[in-house]
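Visitor: Mind looking over this structure? Questions follow.
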């Protein structure tokens, strides 16, 4: 590429330089570029040329302004025919000269704008990616998610029972396709080292619903939903590349999933996306018993609307089916109804509202930045009053002055925007590192970047801010200039009253916005603290966990499963530093959820509401290892094995809900409705938090895994170990213990419980951190704004203060004069802000925990903090005013 | 007409550099020449605008050389002094020399 300059340089120079200079200058730069590239890396050479280019533009613009100045000022009106673009370039040049003269002003204004625009751009890129970008499916707006929701549950929840799914699919008319999805992990063996992979079991309409086709091979056929036909698998594009060398001949190959052979029938396109990022997709096999099962709610269901069918029509269609089913099966389907929602809503879940709060918070910061820069500009406008007055007197039209000042604002905003984008780039990188693990399941998170769309938004934000902060100063300055006396000092005490009023109003606005942000941040902080104080119902410290999933092919027999885990637990307990160990199917805070309906003996027909609880299979030491107390009855013992009467424990939440005012111990329940096999409740244990610290404990039923109810679930277990040593000391031993028992058995990562709990609160922590950071920015900017306005006020009134002091005013009185002004602005802002904060707090109330949105302590605390900041900001100007020497002031 | 030209200090320096360079006076060479003799590293932009200004004042004339492929087919702009500039330089030197005469002693004292 000899003889050339970095792309874009020519275009920039062509805009700024006189045309006859462009070519020779470009040639010189090309020489320089070539010589730099022989000694520097390419990017540095290009950066150097760009810096040169900008310096050149600045020098030429200044030269132009210098020559323009040599013309008489009357030229403002003498050249009415000057084209708009020429006038604009000249305004720009004059603006550049004005700005370059006031470095301190420039630095403060630029930093303020860059912070505001940068933070807004970074947060916007995040929110946009998650909430507004189209999902990576064709015609994604036609995709919906279907739930079985209970009337009392407000949130989107409610997995679907297999029989209901089958009935929906057959009965609905609003959809072109519908698919049930079950998320799980499968062990892949036979290709390199054994590995646990995220998997999806889906019914055959899945890819049709997503409107995707495999890159290679085919999708599932309808008959592959039947047991016996279902051993086929679709590979993710990533797995196909990493484990099969991107070999198209992979179709027809046989792989082992949980030790069962599956035939590869296709490779998914790289655009395929699902929150759990599955690597293998297999058919969801439904046998005859499953097709009758309405009590176990296990599936997510998605569907694609027929063209022309609205969300409301689809909902009506599903409501009709739901009504029919609840009539037909009052016990199982009487208490919930099908609900249709956009699929994004289910992917985003409760993260959506917190993102909107973040966007609001950063928007406040941007507004405060604008108000701050506006007050700075107004102070400057007043200082230039004389210059503007002369121009007006010489015949420059009013709009010409406004245009000049607006052009300067635009220039300032553009520079601020450029710095802001640099900040935003850094902010996005930081944000990506700080994202909680759980956010990886959000759509679009992988695509967060400063692309053209975001940069366009930043540009619009820049233009918008320049109008926001430029308009008021431009008009007040032009207006005041008309009235300005042209005497040397401009000493009248009454000029600029209008500007002062606007400036004070801006500071009041800043104070109000800061108060609103601070209250929100404080409420979130108090919630977070309350949340961390919540006991999970067990002792999470020094508790390690590890997931083991035994393959069905090798461990089809229940006795083998029990034998394996007994041997494993024995080995683990004998390890040094281990105080206790147990196993359970569903670990608290692991993000898993399964519910099953059950019947209580003797209540047939009495209770129209089928009861649901989280069933957990466990070893007898699980609860004692966690430290969950036995409240009444007896614990499970190793003697509760196969062949003895089936027993269970329930938690207090289940006892309260299903046996209110009665003793549940001794009652019998069953999970199978057709041919009841009764399970006796022998004890009640304490509640533990299952999903999140801020959710109430769900009813839970604990079943000994040695007894065969739900035996198939006992293959996938989490090992829980109480230890007196660190994870690093015990972790490798746990993995070795599994390997020693079964060399081929893959294990999940060893994790400790505080880490799992930390992950569950990580989204809140990030939200809190960001909102707090914005609140701090807001209060610093507001303090700076207050300081600037008061400082300017004192400078402006030095003469008046001098007279007052000469006439006998004491220092104290002068001090009070300034502080009163500060106090008035602060109190007005505080009043407005507190009222606004009440409204904001209502908006964020969904994110609060254990604290009222109107908590008086928070509001009082914020008020005190703000008054302290205001005092601090007012201190220096007030002191300066009280030190005014009357003689100097009057002489000056 | 010998209307005296007001030359700034930097304009003066640039004119002398052009004079020294003879046929080879284009912006980058001028800048290097100034650096070589004075040790001053001046900005590229100020050399361009000063050359341009001097041309407007009638001190310099410029011509575009043939484009070369190394520079992406772009020509160099070469400058040469007009008689007016030579007059102005001579005049300046005379004025300064006259004003300097006999000042060595004072300068030593200050």
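Visitor: How high is the relative contact order of the stretch A:159-335, in percent, counting Cα pairs under 8 Å that sit 6 or more residues apart? Intermediate values should be presented prior to the final figure.
Guide: Details: 337 pairs, mean separation 61.5, N = 177.
So the answer I get is 35 percent.
Visitor: Give, in nm to one decimal, the length gained when the segment between residue A:570 and residue A:231 is fully stretched (0.36 nm per residue of separation minus the Cα-Cα distance). Mind dumping the intermediate values first?
Guide: Numbers: separation 339, 0.36 × 339 = 122.04 nm, distance 3.54 nm.
That pair, residue A:570 and residue A:231, stretches by 118.5 nm at full extension.
Visitor: Rounded to the nearest 500, what is chain A's calculated 222 nm mean residue ellipticity when only DSSP H runs of at least 4 contribute -39500 (n - 2.57) each, over all residues?
Guide: Calculated mean residue ellipticity at 222 nm is -17500 deg cm²/dmol.
Visitor: Let me ask something else. Restricting to Cα atoms and excluding each atom paired with itself, what does the Kirkwood estimate give for the stretch A:744-848 in Å? Spell out each step's value before the answer.
Guide: Values: mean 1/r = 0.0531 Å⁻¹.
It is 18.8 Å.
Visitor: Within the stretch A:617-643, what residues put their amide N at less than 20 Å from the label point 7 Å along the Cα-to-Cβ vector of residue A:677?
Guide: Under cut-off, by backbone N: A:617-620, A:636-643.
Visitor: So, one more: I want to make sure I understand the PRE zone here: with the label point 7 angstrom from the Cα of residue A:437 toward its beta carbon, which residues in the stretch A:537-563 have backbone N atoms less than 14 Å away?
Guide: So the set is A:544-547.
Visitor: Return, ordered by residue number, the residues of the stretch A:624-654 whose backbone nitrogen is under 12 Å from a label point located 7 Å along Cα→Cβ of residue A:663.
Guide: In the stretch A:624-654, the label zone of residue A:663 (backbone N under 12 Å from the point 7 Å along Cα→Cβ) covers A:632-634.
Visitor: Inside 10 Å of the C-beta atoms of A:55-64, what's the mean count of C-beta atoms belonging to other chains?
Guide: Details: counts 4, 6, 1, 2, 8, 5, 1, 3, 7, 1.
For peptide A:55-64, the averaged partner shielding equals 4.
Visitor: At a Förster distance of 60 Å, what's the computed FRET efficiency of residue A:759 paired with residue B:24, Cβ-Cβ distance as r, to 0.05? Could the numbers behind the result be given before it?
Guide: Numbers: r = 70 Å, r/R0 = 1.17.
It comes to 0.30.
Visitor: Using alpha-carbon positions, what is the distance between the centroids of the stretch A:322-354 and the stretch A:738-753, in Å?
Guide: Going from one Cα centre to the other spans 37 Å.
Visitor: Report the far tail of the P(r) of the stretch A:246-377, meaning the percent of Cα-Cα pairs longer than 26 Å. Intermediate values should be presented prior to the final figure.
Guide: Numbers: 4935 of 8646 pairs.
Tail of the P(r) past 26 Å holds 57 percent of the pairs.
Visitor: Using alpha carbons only, how many angstrom separate the centre of the stretch A:550-578 from the centre of the stretch B:23-82?
Guide: If you average the Cα positions of each part, the centres end up 86 Å apart.
Visitor: Moving to a separate point now. How far is helix A:727-741 tilted off the main Cα axis of chain A, in degrees rounded to 10, range 0 to 90?
Guide: Tilt of helix A:727-741: around 30 degrees.
Visitor: Determine, for A:650, B:34, the number of other Cβ atoms within 10 Å of each Cβ, and report the residues in order from fewest to most.
Guide: Working: A:650 27, B:34 20.
Starting with the residue having the fewest Cβ neighbours, the order is B:34, A:650.
Visitor: Same structure again: Helix A:162-171 versus the longest principal axis of chain A: what angle, 0 to 90°, nearest 10, using Cα atoms?
Guide: 70 degrees
Visitor: For the stretch A:674-809, what ratio Rg/Rh do Cα atoms give with a Kirkwood hydrodynamic radius?
Guide: Numbers: Rg = 32.0 Å, Rh = 22.7 Å.
Value, to two decimals: 1.41.
Visitor: What's the long-distance tail for chain B, i.e. % of Cα pairs beyond 24 Å?
Guide: Working: 2050 of 5995 pairs.
The calculated P(r) of chain B puts 34 percent of pairs beyond 24 Å.
Visitor: Please report, to one decimal in angstroms, the Kirkwood hydrodynamic radius of the stretch A:158-298 built from all distinct Cα-Cα pairs.
Guide: On the way: mean 1/r = 0.0643 Å⁻¹.
So the Kirkwood estimate lands at 15.6 Å.
Visitor: How far apart, in nanometres, would the label points at residue A:414 and residue A:505 be if each is projected 7 angstrom from Cα along the Cα-to-Cβ direction?
Guide: About 3.0 nm, to one decimal.
Visitor: Tilt of helix A:452-483 relative to the longest C-alpha principal axis of chain A, in degrees (0 to 90, nearest 10)?
Guide: The angle comes out at about 30 degrees.
Visitor: Based only on other Cβ atoms within 10 Å, what is the fewest-to-most ordering of A:346, A:407, B:38, A:782?
Guide: Values: A:346 17, A:407 23, B:38 12, A:782 30.
Ordered from fewest to most neighbouring Cβ atoms within 10 Å, A:346, A:407, B:38, A:782 come out as B:38, A:346, A:407, A:782.
Visitor: Using the number of other C-beta atoms within 10 angstrom as an exposure proxy, rank B:96, A:455 with the fewest first. Let's see the in-between values first.
Guide: Numbers: B:96 11, A:455 15.
Listed from fewest to most nearby Cβ atoms, that is B:96, A:455.
Visitor: Let me ask something else. If I model a spin label as a point 7 Å beyond the Cα along the Cα-Cβ vector, how far apart are those points for residue A:398 and residue A:471 in nm?
Guide: Between residue A:398 and residue A:471, the simple spin-label model gives 1.7 nm.
Visitor: Any number yet on Rg/Rh for the protein assembly as shown, C-alpha, Kirkwood?
Guide: Working: Rg = 38.8 Å, Rh = 35.3 Å.
My calculation puts Rg/Rh at 1.10.
Visitor: In addition: Once the Cβ-Cβ distance between residue A:445 and residue A:384 is put in as r, and R0 is 56 Å, what FRET efficiency do you end up with, to the nearest 0.05?
Guide: Working: r = 48 Å, r/R0 = 0.86.
With R0 = 56 Å, the Cβ-Cβ based efficiency is 0.70.
Visitor: Can you pull the Kirkwood radius for the stretch A:551-744, inverse mean 1/r over Cα pairs, to one decimal in Å?
Guide: Across the stretch A:551-744, the inverse of the average 1/r is 17.7 Å.
Visitor: Report, please, the projected area of the stretch A:1-70 averaged over directions, based on the convex hull of its C-alpha atoms, in nm². Provide the component values of the computation, followed by the final result.
Guide: Working: hull surface 18.3 nm².
Average of the hull's projected areas for the stretch A:1-70 equals 4.6 nm².
Visitor: Which length gain, in nm to one decimal place, applies between residue A:7 and residue A:263 when the Cα-Cα distance is subtracted from 0.36 nm times their residue separation?
Guide: Working: separation 256, 0.36 × 256 = 92.16 nm, distance 5.17 nm.
Length gained between residue A:7 and residue A:263: 87.0 nm.
Visitor: Assuming 0.36 nm per residue, please report the length gained on full extension of the stretch residue A:644 to residue A:868 beyond their Cα-Cα distance. Intermediate results must be reported in sequence, preceding the final value.
Guide: Numbers: separation 224, 0.36 × 224 = 80.64 nm, distance 7.14 nm.
Working it through step by step, the gained length comes to 73.5 nm.
Visitor: Return the distance in nm (one decimal) between the two label points of a simple spin-label model at residue A:328 and residue B:57, each offset 7 Å from Cα along Cα→Cβ.
Guide: 9.8 nm
Visitor: Can you grab the distance from the C-alpha centre of the stretch A:264-310 to the C-alpha centre of the stretch A:168-208, Å, no decimals?
Guide: The stretch A:264-310 and the stretch A:168-208 have Cα centres separated by 4 Å.
Read-outs: derived from the displayed coordinates by stated rules, not from any lab. Small disclaimer: the values here were computed from a predicted structure and weren't measured. Please note: Cβ atoms are built from the backbone with ideal geometry, for glycine as well, and neighbour counts cover all protein chains shown.
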